[in-house]
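Note sheet for the following structure.
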Amino acid sequence: QQQVKQSPQSLIVQKGGISIINCAYENTAFDYFPWYQQFPGKGPALLIAIRPDVSEKKEGRFTISFNKSAKQFSLHIMDSQPGDSATYFCAAHNDYKLSFGAGTTVTVRA
Amino acid sequence: DAGVIQSPRHEVTEMGQEVTLRCKPISGHDYLFWYRQTMMRGLELLIYFNNNVPIDDSGMPEDRFSAKMPNASFSTLKIQPSEPRDSAVYFCASSGRVNTEAFFGQGTRLTVV
């Protein structure tokens, strides 16, 4: 049973556009919410993370929005670039373990 | 630091054979995790260690799977006997203390024919 539900499964965006990926969870014990980026043939790498006492975190073109009451969080990629084409995983941390969403494959068309 | 190092990068083996995957975590990290990635099931946590001690192996699919961490710089994941449904990419990751980033290795792509 997937503890973190992620959508959409894939998306295509034009260069310069905004990519939005959504995640939802049920377990209120989760205490840390990272996003990982994975390129083909590579392991996932941490992109940005947020704690539940913060509603938004921005790092460059990447922003996490967090809604604790709704138990939802999302990743926004602003000014999407072809180099952003990758698979993105949301995750939730509890008891030293990460539960991952199913992943979203983002394709940025030049 | 070279990051988390996994070997081999690719492994092709015949059904019934024993397979051993290896991992060297980042020096100083207390936690080591083994994940399996497939198209159908995504990233699944198989087992994790804290200070070389297995803490939670509830994700290990069957008794055919076993993992060890004999010291702070080395861990193995063994499958014996291997089956075609074990074909996947296996990742090792390590992290420091609570709520810190998990660093993943490049993965081992296992194909069982």
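Rule-based calculations on the coordinates, nothing more; no lab input. Just so we're clear, the structure is a prediction, and the values are computed from it rather than from any experiment. Positions of Cβ are generated from backbone atoms using ideal geometry, with glycine treated the same way; all protein chains shown enter the neighbour counts.
Among A:PRO44, A:LEU11, A:PHE100, which residue has its Cα positioned farthest towards the positive end of the charge dipole of chain A, with +1 placed on the Cβ of Lys and Arg, -1 on the Cβ of Asp and Glu, and the dipole taken about the Cα centre?
Projecting each Cα onto the dipole axis, the largest value belongs to A:LEU11.
When DSSP beta bridges are limited to those with both residues in chain B, what percentage is antiparallel, rounded to the nearest 5? Spell out each step's value before the answer.
Working: 36 of 40 bridges.
Taking every DSSP beta bridge with both residues in chain B, the antiparallel ones total about 90 percent.
Work from the charge dipole of the protein assembly as shown (Cβ charges, +1 for Lys and Arg, -1 for Asp and Glu, about the Cα centre) and give the residue of B:GLY3, A:ILE20, B:THR13 farthest towards its positive end.
A:ILE20
Along segment A:72-82, what does the Karplus equation 6.51 cos²θ - 1.76 cosθ + 1.60 (θ = phi - 60°) give for ³J(HN,Hα), rounded to whole Hz, x for Gly and Pro?
Coupling constants for segment A:72-82: 9, 8, 9, 10, 10, 10, 8, 6, 4, 10, x Hz.
Assigning unit charges at the beta carbon (Lys, Arg +1; Asp, Glu -1) and nothing else, what dipole magnitude in debye, to the nearest 20, does chain B show about its Cα centre?
Details: 11 positive and 13 negative charges, 43 e Å.
It comes to approximately 200 debye.
Students often check this: by mean Cβ neighbours within 10 Å, which of A:36-49, B:54-67 ranks highest, and how do the rest follow? All intermediate terms of the calculation are to be shown ahead of the outcome.
Details: A:36-49: 17.4, B:54-67: 14.5.
The peptides rank, most packed first, as A:36-49, B:54-67.
I'd like the mean, over residues of B:34-41, of how many other protein chain beta carbons sit within 10 Å of each residue's own Cβ.
Values: counts 0, 4, 0, 6, 0, 2, 1, 2.
Other-chain Cβ atoms within 10 Å of each residue's Cβ, averaged: 2.
Using only atoms on other chains, find how many Cβ atoms lie within 10 Å of each Cβ of peptide A:90-96 and report the average. Let's see the in-between values first.
On the way: counts 0, 2, 0, 5, 0, 4, 12.
Shielding by partners across A:90-96 averages 3.
Please list 3J(HN,Hα) in residue order for segment A:101-106, calculated via the Karplus relation 6.51 cos²θ - 1.76 cosθ + 1.60 where θ = phi - 60°; whole Hz, with x for glycine and proline.
Once θ is set to phi - 60°, the couplings for segment A:101-106 become x, 6, x, 10, 8, 9 Hz.
To the nearest 20 debye, what is the magnitude of the charge dipole of the protein assembly as shown about its Cα centre, counting +1 on the Cβ of each Lys and Arg and -1 on the Cβ of each Asp and Glu?
On the way: 22 positive and 21 negative charges, 102 e Å.
Using Cβ point charges on Lys, Arg, Asp and Glu, the protein assembly as shown gives about 480 debye.
Once Lys and Arg get +1 and Asp and Glu get -1 on their Cβ, which of A:GLN81, B:MET69, B:HIS29 lies farthest toward the positive end of the dipole of the protein assembly as shown?
A:GLN81
I need the calculated FRET efficiency for the pair B:SER27 and B:ASP56, taking r as the beta carbon distance and R₀ as 25 Å, to the nearest 0.05.
Values: r = 23 Å, r/R0 = 0.93.
That gives a FRET efficiency of 0.60.
Evaluate the charge dipole of chain A about its Cα centre and quote only its size in Debye, nearest 20, assuming +1 on the Cβ of each Lys and Arg and -1 on the Cβ of each Asp and Glu.
Once rounded to the nearest 20, the dipole reads 180 debye.
Calculate the mean, over all residues of peptide A:29-41, of how many other protein chain Cβ atoms lie within 10 angstrom of the residue's Cβ.
Numbers: counts 0, 0, 2, 4, 0, 3, 0, 4, 0, 5, 0, 0, 5.
Per residue, the average neighbour count from other chains is 2.
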